[in-house]
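Notes follow the structure.
The values are calculated or read from the model by the stated rules, or taken from the named source; none is laboratory data. It should be emphasised that the depicted structure is a prediction, and the values quoted were computed from it without experimental measurement. No Cβ is skipped: glycine too gets one built from the backbone with ideal geometry, and neighbour counts run over all protein chains shown.
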Amino acid sequence: MKRAIDLLAPLGLAVIVGSEAWQRSGHALPGKPDAYLIAGAALILAHLLLRWEDVSKRVGRRQMKYGANTAVLVVAVVGILGFVNYLVYRHTKRWDLTKNKRYSLSDQTKKVLAGLKEDVKITYFQRSAERTAAQDRMKEYQAASPRVKVEFVDPVASPAKAQAYEVRGPWPILVVERGGKREKATNDSEQDLTNAFIKVTREKKKTVCFVEGEGERDMDDGADGGFSAVKTALGKSQYETKKVLLAREPAVPADCTVMVVAGPQRDLLPTEIDALRRYAKGGGKLLVMSEPEVKFPTPNLDALAKEFNIELSKDIVVDVSPVGQIFGTGALTPIAASYPFHEITKDFRVMTVFHTARSAEAGKGTVEGVTVQNLLQTSPASWAETDLTLKEPVEMNEGKDRKGPISLGAVATVKASPPAPPAPASPPSSPSPAASVSPSPAEEPPAPAEGRVVVLGDSDFATNALLGFQGNQDFFLNTVAWLAQDVDLISIRAKEPEDQRLFVTRQQQQNVLLVSLLLVPGAFVVMGIAAWWKRRG
């Protein structure tokens, strides 16, 4: 009997090793592989339990006691670690310590994903061996929305699938689809993937129109003062752009979702002002970016802003705060970091920089049907300079200039005017009974849309030279998104990853080699010799 018991442990070990070796050689075992491991472990445990007295005699009572205590501690530690691991598995928490949070989804992406009303499928074409990082990336999207479905496909192992989606290397290629809409992305960067989500979830494209004819900023101009970067940024947010020569148009074109007046160099004509007024009061969306009246007055544009209870003052904002000195900007480049609560700047924790700006603020009085508020402000170390000649020295003059904070923009919502009712037809000579029936509520015309107007005292902040500064691009795009009523596009967007490579000179490379290969190892050698000498003595 004892001989049979002694064979249990070797037999269990043979079962474990043999099953593992058999599987690694490419052969299949009947049943589940885990069953062989459990069976082998059970045989070894049975051997120990049946020969427990012999084991305890050989080891000794004291050693068994200490061993039992150690075993209990080990089991307790393993149990605690297992419980902690279970909690971590059920409640995932990650900390992204990289600059610009390059491994975390941006606010915009989270908003887009949270707003999904239908399932969106991502078909990720990538070789199986190169899929680990991609799987971690896709888990972020799936965690943000249960409507995101991901399928990984090896294009070499499944060429028919790749052909069906009309994709070919280089890999990876991602296909985002919803219903009958399908968009491709050639990488899994957050910007490209989020843009693909926006494309497949938008029912129709919206158009941002730019007024031209009075020296406004040109969206096709690639120079520092141009707006080509704005055009590119709007395109990434799935907005179409076009120019409108308003002077020869009887009204704002019907396909314009948002109308932009970007820093005109001359005052707008009365006909242009009238078209914009009717557009905004009829439920249109208007963005006006004015400039200080240093070279020319703009009475018509100022009067248009005043109709929506927004004051464009005849001044230029001067900012002498230390923040500007950090960024190397001058006194005529005010920086705004204070944002009264509004949907455009909600959760805004970045600065926006302007250049040669004028004050634009909510009026002190009231205008019927208009609700207005300030949008962003400069620091207390600024003022509104009324001397537009800017004669040196430029100083704050009590009684003439207005001390900061100075508002650089204001936003107004306008209760749109209902369309004029059609003229009543002449009554028939013998009215029928049906004619006296009052129309049903369903036949009443729908309520007119709400007009929205944003007036800013500067257009330089959106030029190619300044759009990339901290919050400038997000502020501009959020303003357009609010005007276009695209709530899920009002957010802080993903940033391009910065090139953080370290470039060193040849001398610096030699210094690194000297320290790592000679000085550090040499220091350990010297300490070793010193310790040996001390013990010898």
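What do you reckon, is Leu29 modelled with pLDDT under 80, farther than 30 Å from Tyr141 by Cα and either touching a Cys at 6+ places or on another chain (Cβ under 7 Å) or part of a loop (DSSP other than H, G, I, E, B) (or both)? Quick ask: steps written out before the conclusion?
Numbers: modelled with pLDDT under 80: yes; farther than 30 Å from Tyr141 by Cα: yes; either touching a Cys at 6+ places or on another chain (Cβ under 7 Å) or part of a loop (DSSP other than H, G, I, E, B) (or both): yes.
For Leu29, the condition - modelled with pLDDT under 80, farther than 30 Å from Tyr141 by Cα and either touching a Cys at 6+ places or on another chain (Cβ under 7 Å) or part of a loop (DSSP other than H, G, I, E, B) (or both) - is met.
Close contacts from the range 387-407, counting a first residue that is without any contact (Cβ under 8 Å) to a residue 12 or more places away in the chain and a second that is assigned to a loop (DSSP other than H, G, I, E, B), with Cβ to Cβ under 9 Å and a gap of 6+ residues or different chains, come to Thr389/Val294; Glu395/Asp401; Asn397/Thr386; Asn397/Asp387. Kindly indicate whether any position in the range 94-105 is at pLDDT 70 or above and either surrounded by 10 or more Cβ atoms within 10 Å (Cβ to Cβ) or out of contact with any strand residue (DSSP E or B) (no Cβ under 8 Å at 6 or more places or on another chain) (or both). Scanning the range 94-105, I find at least one residue that is at pLDDT 70 or above and either surrounded by 10 or more Cβ atoms within 10 Å (Cβ to Cβ) or out of contact with any strand residue (DSSP E or B) (no Cβ under 8 Å at 6 or more places or on another chain) (or both), so the answer is yes.
For every residue, the table says whether it meets (1) touching a helix residue (DSSP H, G or I) at 6+ places or on another chain (Cβ under 6 Å); (2) over 23 Å from Val294 (Cα atoms); (3) outside the structural domain of Gly284 (by TED's automatic domain parsing); (4) modelled with pLDDT of 90 or more.
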position	(1), (2), (3), (4)
Ala336	no, no, yes, yes
Tyr339	no, yes, yes, yes
Thr345	no, yes, yes, yes
Val350	no, yes, yes, no
Thr371	no, yes, no, yes
Ala384	no, no, yes, yes
Val411	no, yes, no, yes
Pro439	no, yes, yes, no
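Take the conditions (1) without any contact (Cβ under 8 Å) to a residue 12 or more places away in the chain; (2) within 21 Å of the chain's Cα centre (by Cα); Tyr239 misses just one of them, which is (1). Of the residues making up the range 350-366, those that are touching a residue at least 60 places away in the same chain (Cβ under 8 Å) and either assigned to a loop (DSSP other than H, G, I, E, B) or over 18 Å from Lys306 (Cβ atoms) (or both) are Val350, Met351, Thr352, Val353, Phe354, His355, Thr356, Ala357, Arg358, Ser359.
Matching residues to (1) farther than 30 Å from Arg178 by Cα; (2) modelled with pLDDT of 95 or more; (3) touching a helix residue (DSSP H, G or I) at 6+ places or on another chain (Cβ under 9 Å):
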position: Asn195; (1), (2), (3): no, no, yes
position: Arg202; (1), (2), (3): no, no, no
position: Arg217; (1), (2), (3): yes, yes, yes
position: Ser228; (1), (2), (3): yes, yes, no
position: Lys231; (1), (2), (3): no, yes, no
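Just to be sure before I move on: is Phe475 surrounded by 19 or more Cβ atoms within 10 Å (Cβ to Cβ) and modelled with pLDDT of 80 or more in the structure I sent? Yes, satisfied. Within the range 367-383, does at least one residue satisfy the condition of being more than 26 Å from Ala337 (Cβ to Cβ) and under 34 Å from the mean Cα position of the chain (by Cα)? There is at least one residue in the range 367-383 that is more than 26 Å from Ala337 (Cβ to Cβ) and under 34 Å from the mean Cα position of the chain (by Cα).
Across the range 404-415, the qualifying residues are those that are within 19 Å of Val353 (Cα to Cα) and not small (Gly, Ala, Ser), and the one among them that is surrounded by the fewest Cβ atoms within 10 Å (Cβ to Cβ) is Pro405.
Can you tell me which of Ala157, Ala144, Ala196, Ala114 is of a type outside the set (Phe, Trp, Tyr) and farther than 17 Å from Asp488 by Cβ?
On the way: Ala144 fails: farther than 17 Å from Asp488 by Cβ; Ala196 fails: farther than 17 Å from Asp488 by Cβ; Ala114 fails: farther than 17 Å from Asp488 by Cβ.
Only one candidate passes the filter, namely Ala157.
For the range 139-150, a residue qualifies if it is at pLDDT below 90, more than 15 Å from Gly115 (Cα to Cα) and of a type outside the set (Lys, Arg), and exactly one does: Glu140.
In summary, strands (runs of 3 or more DSSP E) completely within the range 155-226 and bearing 1 or more residues that are free of Cβ contacts under 8 Å to residues at least 40 places away in the same chain and among the acidic types (Asp, Glu) occur at 181-185, 206-212.
Quick check, is Val323 among the β-branched types (Val, Ile, Thr), in contact with a strand residue (DSSP E or B) (Cβ under 6 Å, 6 or more places away or on another chain) and not assigned by TED's automatic domain parsing to the domain that holds Val258?
On the way: among the β-branched types (Val, Ile, Thr): yes; in contact with a strand residue (DSSP E or B) (Cβ under 6 Å, 6 or more places away or on another chain): yes; not assigned by TED's automatic domain parsing to the domain that holds Val258: yes.
Criteria met by Val323.
Taking the criterion of being crowded, with 17+ Cβ neighbours inside 10 Å, under 11 Å from Phe210 (Cβ atoms) and not aliphatic (A, V, I, L, M), the residues of the range 223-246 that qualify are Phe227, Lys231, Thr241.
Quick grid of which residues meet (1) in contact with a Pro (Cβ under 6 Å, 6 or more places away or on another chain); (2) modelled with pLDDT under 90; (3) closer than 21 Å to Thr194 by Cα; (4) surrounded by 13 or more Cβ atoms within 10 Å (Cβ to Cβ):
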site: Glu130; (1), (2), (3), (4): no, yes, no, no
site: Ala133; (1), (2), (3), (4): no, yes, yes, no
site: Asp136; (1), (2), (3), (4): no, yes, yes, no
site: Phe152; (1), (2), (3), (4): no, no, yes, yes
site: Ala157; (1), (2), (3), (4): no, yes, no, no
site: Lys161; (1), (2), (3), (4): no, no, no, yes
site: Ala164; (1), (2), (3), (4): no, no, no, no
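Pick from Pro297, Pro292, Pro250: which is more than 12 Å from Phe210 (Cα to Cα) and surrounded by 14 or more Cβ atoms within 10 Å (Cβ to Cβ)? Please lay out each step first, then the result.
Details: Pro297 fails: surrounded by 14 or more Cβ atoms within 10 Å (Cβ to Cβ); Pro250 fails: surrounded by 14 or more Cβ atoms within 10 Å (Cβ to Cβ).
Step by step, each of Pro297, Pro292, Pro250 is checked, and only Pro292 is more than 12 Å from Phe210 (Cα to Cα) and surrounded by 14 or more Cβ atoms within 10 Å (Cβ to Cβ).
You will find that of Arg182, Arg217, Arg178, the residue that is among the basic types (Lys, Arg) and not assigned by TED's automatic domain parsing to the domain that holds Lys121 is Arg217 and no other.
Residues being assigned to a loop (DSSP other than H, G, I, E, B) and buried (at least 16 other Cβ atoms within 10 Å of the Cβ): count how many of those fall in the range 313-340. So the answer is 10. Any residue that is buried (at least 19 other Cβ atoms within 10 Å of the Cβ), over 34 Å from the mean Cα position of the chain (by Cα), in a loop (DSSP other than H, G, I, E, B) and charged (D, E, K, R) - is there at least one of those in the range 266-284? No, that holds for no residue.
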